[in-house]
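Asker: Below is the structure I would like to discuss, written out as C-alpha cells.
The values are calculated or read from the model by the stated rules, or taken from the named source; none is laboratory data. As the structure is a computational prediction, the values presented were derived from the model and not from experiment. Note that we place each Cβ from the backbone using ideal geometry, even for glycine, and neighbour counts take in every protein chain shown. Calculation scope for accessible area: heavy atoms of the full protein, side chains included, ligands and nucleic acids excluded. Shrake-Rupley method; radii C 1.70, N 1.55, O 1.52, S 1.80 Å.
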Amino acid sequence: MKTFKELDLLEPIQCALADEKYVTPTPIQVQTIPAALQEHDVLGCAQTGTGKTAALALPILNRLGQTNRKAVPNHPFALVLAPTRELAIQIGESFATYGQHLKLRQALVYGGVNQGKQVRALNRGAHILVATPGRLLDLINQGHIKLNQLETFVLDEADRMLDMGFLPDLKRIIEELPDQRQSLFFSATLPPKITELAQSLLRNPVNVNVTPKSTSVEQIEQRIVYLDRRNKLTLLQKVLDSKDVERALVFTKTKRTANTLAQQLMRCRINATAIHGNKSQNARQRALEAFRNKQVQVLVATDVAARGIDIDGITHVVNFDLPIEPEAYVHRIGRTGRAGAAGIALSFCTDDERRELRAIEQLIGKKIPIDRNHPQPGRRDSKPLNAPSERRKPSRKQQASKKPGHSQRARNRRPGFAVDGADKPKRRRRKGQTPRQRTKQIN
Ligand code: AMP
C-alpha cells in the first residue's frame, strides 16, 4: 500500500499531512492525486467520508505551491464549487489545514451572509476560491470575480447540486471558465444527468470509482423498522436513550418536523438541536459547532442542511422519515462510518413510505435487513426473530361468534360472510354448494 511520502507532493504539504497524522492515502486519494498532479481531468465517484476533500485539495495546493505566485485581486487560480455553505466552509478549513505551511490565500464565498467581507477578501486577492453557486454568480455579475485566469475547476457533490436545482447556475458558471483548464468532478452517485454534465465539462478524464455505482458504505450497518407513524417519536427516544448512541444525526423530510422533533427530544431530556435551510447561517454554524463539540448529542437535520457535514464519531444515523430521492439515502447514511469507522443507520418506514424504501433498495442493490431489536406492537413485519409465532388475536366479535349460543342474528347480518352451511338460515342455502364455493361466487 502506498504512503503519502510516495506521492509526489511538496515538502510543506507532506509536513501538514504528518501534522494531521495522515500516513496512508485513502483509495480515492491513491487513484486521484497522481492523475491530478499530472494535470489530467478527473471524474471521481466517491461519497463523503472517503477522503475526497484531500483528494481534490492536495493537487491544487501542490500546483499553486510550486509556482509561488502572488495572488491577483479578483482573479482566483483555483475554484471549488460546493452545494452548501456548510460544505464550502469545511472545504475551506481543509485547504487551510493542508496548506498551513504554504503562503497561499483563499477566499470563501457563500450566501446567507453579508457579502462585504467576502468582497474584501477577493479584492485583496486569493489563490483559491471556495464557493456555492448562487453567491458566486452574484459576485461574478457584480464584477468582483473574474474567472479568466482560472487553472483548476472543481465541482464537488455534483449530484447534490442538481438535486438542489443548481443546474442553470452551474451552466452559467461553466460558460465563464477559460477553455484551458483542469477540471475535477466529484459525485457520490452517477445518474445519467450527472454523466451528461461530466461529459460536457471534462476532457479525457481519468475515471475513479471508489465505491460501486450508488452503493452505500460497507462498514455501515443498515436496518429498517416498520412502524406506524404515531410510534416514530417513542421509538426514536428509545433508540437515542441507548448507551451505544454517542452522537446521532436524525433526518426528517421537512424543516418543520426537524424543529418540532428537536423540541420534543429536548422535552424528553435528550440534548438535541435542529439544522435546516430556514435557519440563519450563524444559527446553522452554532448548531454544527455544538454537535461537533459534543455539547449536543443529537442533530436533527433536513437533507439540504446536512449535506457534506464532516463530523467524525457520528455513531448513528436515523432516518426518521425516508427521503423522497433514493440517492439522498446514500448521502445520509454516509455521515456515519466516516474515515473507516463503523456506524449504524436505522430507518423508520411507515406503510406510506414503502415506495421510497423500494426505490432505495433498488438503488443500493440489496434489501435492508429488518431491525429485530425494536419490535413494534401489532406489526408482524417487525417482530423479533426468536418471537413465538404470533397468531393474530381474534377480535371480540370473532371470539363471540365462536362461542356456542351466540346470537344467530349477529352472524346472519353479514351477507357473503362464509359461515358453516349448517348454521345458515334455510332461505339462503343453495343445494350442492359448499360455503367456500358460494363465497367465491359472491366475490
Ligand atoms: P472527506 O471524505 O474528505 O470528508 O474526509 C473524511 C474524513 O477522513 C475527514 O475527517 C478527514 O480528515 C479524514 N481523512 C481524509 N484523508 C485521510 C487519510 N489519508 N488518512 C486519515 N484520515 C483521512
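Asker: Taking every pair of Cα atoms in region 220-364, average 1/r, invert it to obtain the Kirkwood radius, and report Rg/Rh to two decimals.
Answerer: So for region 220-364, dividing Rg by the Kirkwood Rh gives 0.93.
Asker: Right, something else. 7 Å from Cα along Cα→Cβ at both LEU177 and ILE324: what's the point-to-point distance in nm?
Answerer: 3.0
Asker: Along the charge dipole of region 4-209, which of THR84, ASN74, VAL42 sits closest to the positive end, that is, farthest toward it, with unit charges on the beta carbon of Lys, Arg, Asp and Glu (+1, +1, -1, -1)?
Answerer: It is ASN74, whose Cα lies furthest towards the positive end.
Asker: While we're on this one: Here is the link list: LYS5/LYS70; LYS193/LYS253; LYS243/LYS294; LYS255/LYS367; LYS21/LYS70. Which ones come out longer than 18 Å on Cα distance?
Answerer: LYS5/LYS70; LYS193/LYS253; LYS255/LYS367; LYS21/LYS70
Asker: Okay, next question. Please list 27-35, 328-336 highest first by mean number of surrounding beta-carbon atoms within 10 Å per residue.
Answerer: 328-336, 27-35
Asker: What percentage of the solvent-accessible surface of region 4-209, computed with a 1.4 Å probe over protein heavy atoms, is contributed by carbon and sulfur atoms?
Answerer: Answer for region 4-209 is 48 percent, counting heavy atoms of protein chains only.
Asker: Over region 4-209, average the accessible area per residue using a 1.4 Å probe and give it in Å², no decimals.
Answerer: Values: 8430 Å² over 206 residues.
That works out to 41 Å² per residue.
Asker: Ok, one more. Percent relative contact order of region 4-209, based on C-alpha pairs within less than 8 angstrom and at least six residues apart? Can you show the working numbers first?
Answerer: Details: 373 pairs, mean separation 60.0, N = 206.
Taking the mean separation of contacting Cα pairs over the length of region 4-209, I get 29 percent.
Asker: Considering all projection directions equally, how large on average is the shadow of the alpha-carbon convex hull of region 4-209, in square nanometres?
Answerer: 10.3
Asker: So if I take the alpha carbon set of region 114-178, get Rg, then get Rh from the Kirkwood formula, what is the Rg over Rh ratio?
Answerer: Checking Rg against Rh, the ratio lands at 0.95.
Asker: Using 0.36 nm per residue, how much length does the chain from THR24 to LYS366 gain when fully extended, once their Cα-Cα distance is taken away?
Answerer: Here the answer is 120.0 nm.
Asker: If each of SER200 and THR3 carries a label point 7 Å out from its Cα toward its Cβ, how far apart are those two points in nm?
Answerer: For SER200 paired with THR3, the spin-label model returns 4.6 nm.
Asker: In nm, what is the difference between 0.36 nm times the number of residues separating ASN373 and GLU11 and their Cα-Cα distance? Before the final figure, lay out each step's value.
Answerer: Details: separation 362, 0.36 × 362 = 130.32 nm, distance 5.12 nm.
Length gained, ASN373 through GLU11: 125.2 nm.
Asker: How many angstrom separate the Cα center of region 4-20 from the Cα center of region 33-77?
Answerer: 14
Asker: Whole angstrom only: what separates the Cα centroid of region 142-175 from the Cα centroid of region 228-292?
Answerer: Region 142-175 and region 228-292 have Cα centres spaced 32 Å from each other.
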